[in-house]
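> This is the structure I want to talk about, given as structure tokens.
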Amino acid sequence: MKVPDPHKEHDPTEWAARYALGDLSPDDKNSFEQHLQHGCPECQSELQEFGNVIADLAAGVSTAPPPDLRDRLLTLLSEDSRGKELSRAGILLHKAGLLIMRSNEMPWEPAPIPGILSKSLFVDSKRKYSTSLVRVQPKAVYPAHRHNDIEEVFLLEGDFFIDGVRMVPGDFCRSEPGSVHGPSTTESGALLLVFASQQDEMLV
């Protein structure tokens, strides 16, 4: 029986990573295992390295893998996640550093603060910084808080009061890291585009 050669159709790094993640189809898994059994130093080495990195990631271990290995694995994981994300409402494209979303198709999610709903457009997990659409119901109040990072607020609809200043559609507010403003509210309701840290300190 002829032994399948994954090298002819796929990058061995990709095969090894997806095998370690359990992401190969049954046929591809069988082909890759037969290939390993007949001896391929490159694939065996890649598989061992990826297996070690996955174990470290699962355990939260901060050991240093060979140069670029962790990045290569996380890239494959990220690409796989992006493909699955396309099934989520509102995401039209997410690949190669490009994200296109149709916010009208995304559901509003209730925030921990009564009377406030949001749609998360993007989260920078390293910076812990988010881009969101925020809808504030009439008379709802957003508590006073200290900014951990730059906060930018652009009012799209309605009215919004920050530190006693009434904002109208088209108005913009920027807050520097470490700055504080008091409770914010709205009379008629507001729709905001907000860029903010996920680590702001609430001053309740």
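> Assess whether Phe172 counts as being in contact with a Ser or Thr (Cβ under 7 Å, 6 or more places away or on another chain), modelled with pLDDT of 95 or more and under 30 Å from Ala89 (Cβ atoms).
Values: in contact with a Ser or Thr (Cβ under 7 Å, 6 or more places away or on another chain): no; modelled with pLDDT of 95 or more: yes; under 30 Å from Ala89 (Cβ atoms): yes.
It is false that Phe172 is in contact with a Ser or Thr (Cβ under 7 Å, 6 or more places away or on another chain), modelled with pLDDT of 95 or more and under 30 Å from Ala89 (Cβ atoms).
> Looking only at region 124-151, count every residue that is surrounded by 12 or more Cβ atoms within 10 Å (Cβ to Cβ) and at pLDDT below 90 and tell me the total.
So the answer is 0.
The values are calculated or read from the model by the stated rules, or taken from the named source; none is laboratory data. In this text the structure is predicted, and so the values were computed from the model without any measurement. So basically every Cβ, Gly included, is an ideal-geometry build from the backbone, and we count neighbours across all protein chains shown.
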